[in-house]
Amino acid sequence: MKRPDFKNSALIIIDIQNDFCPGGALAVPDGDSIISTINSLCSQFRLVIAAQDWHPVKHISFASTHPGKQVYDTIPWNNDTQILWPDHCIAGSPGSAFHPALNTDLCSLIIRKGINLEIDSYSAFFENDHITPTGLAGYLEEQKITSLVLCGLATDYCIYYSALDAVKLGFSVSVLQEGVRGVNQPEGSIEAAISDMQQKGIEFI
Ligand code: VGL
Ligand code: ZN
């Protein structure tokens, strides 16, 4: 496995929030087990950025917003399918806070996504319409960053969609294997996401 030169790379830490960790509303199995690895690597990067999933109450991605729907049901959305989640990462709630063990001291930017009531946003770059930018690409471009290392939660959603967008935007993209965990909802989604990322030239380091 090739080790990229972290000195010229940005580490993008995705959604390590209480609601995605054990005990949270949308807990990723072992979600908190990646935190110490991530903390120990931060100082090797030129830039460290963290993303937070950040939803208003009654967000479109919540099952509770759609009468008669259950968690993990799907609804058609904009020629796509929206999976319905438990209420999670409500802006400013304890569940939306970074996990207390995560050290964000070296983060130069914290970017929040999913803030629009009508659109979910898995990727840290674009909302799920794949058009509306979060601003992250512009920030990285201004900082002359061309190489990214992604870590955080969840492998099969926010990591996956962020990685694919980053490749489309022309970044060189790696995923920190020991720094990601997935929800595996539906069953098999972690494996499918990993094999698709590998096929698209994303390196697991
Ligand atoms: C995420 C589901 C819903 C994630 C965010 O961070 O991967 N997953 N919202
Ligand atoms: Zn969300």
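Points to keep in mind about this one:
- Among the residues of this structure, Y161 counts as one that is within 13 Å of ligand 1 (Cβ to nearest atom), open to solvent by 40 Å² or more (accessible area, probe 1.4 Å) and out of contact with any strand residue (DSSP E or B) (no Cβ under 7 Å at 6 or more places or on another chain).
- The set of residues in the range 68-98 that are under 30 Å from N39 (Cα atoms) and either charged (D, E, K, R) or exposed (fewer than 15 other Cβ atoms within 10 Å of the Cβ) (or both) comprises D87, G92, P94, A97.
- Among residues of the range 99-116, those that are open to solvent by 60 Å² or more (accessible area, probe 1.4 Å) and part of a loop (DSSP other than H, G, I, E, B), counted: 6
- Look at (1) touching a residue at least 12 places away in the same chain (Cβ under 8 Å); (2) over 23 Å from F125 (Cα atoms) and you find that L11 fails only one, number (2).
- Hits in the range 131-153 (condition: open to solvent by 10 Å² or more (accessible area, probe 1.4 Å) and either within 15 Å of the chain's Cα centre (by Cα) or in contact (Cβ under 8 Å) with a residue 12 or more places away in the chain (or both)): T132, P133, T134, G135, A137, Y139, Q143, T146, S147
- Among the residues of the range 1-28, those that are away from ligand 1 (no atom under 11 Å from the Cβ), of a type outside the set (G, A, S), at pLDDT 95 or above and surrounded by 14 or more Cβ atoms within 10 Å (Cβ to Cβ) comprise L11, I12, I13, N18, C21.
- K58 meets each of the listed conditions (1) open to solvent by less than 50 Å² (accessible area, probe 1.4 Å); (2) more than 14 Å from ligand 1 (Cβ to nearest atom) apart from (1).
- Residues that are in contact with a helix residue (DSSP H, G or I) (Cβ under 7 Å, 6 or more places away or on another chain) and open to solvent by 20 Å² or more (accessible area, probe 1.4 Å), drawn from the range 164-188: L169, E178, R181, V183, N184
- Of the residues making up the range 76-88, one or more are within 15 Å of the chain's Cα centre (by Cα) and part of a loop (DSSP other than H, G, I, E, B).
- Of the numbered criteria (1) in contact with a strand residue (DSSP E or B) (Cβ under 8 Å, 6 or more places away or on another chain); (2) under 27 Å from A137 (Cα atoms), the one Y72 fails is (2).
- Test result for I75, out of contact with any Gly (no Cβ under 6 Å at 6 or more places or on another chain) and without any contact (Cβ under 8 Å) to a residue 24 or more places away in the chain: yes
The values are calculated or read from the model by the stated rules, or taken from the named source; none is laboratory data. All values derive from a computational prediction rather than experimental measurement. Reconstructed Cβ throughout: ideal geometry from the backbone, glycine too, with neighbour counts over all protein chains shown. Just the protein is used for accessible areas: all its heavy atoms, side chains included, with ligands, DNA and RNA removed. Shrake-Rupley method; radii C 1.70, N 1.55, O 1.52, S 1.80 Å.
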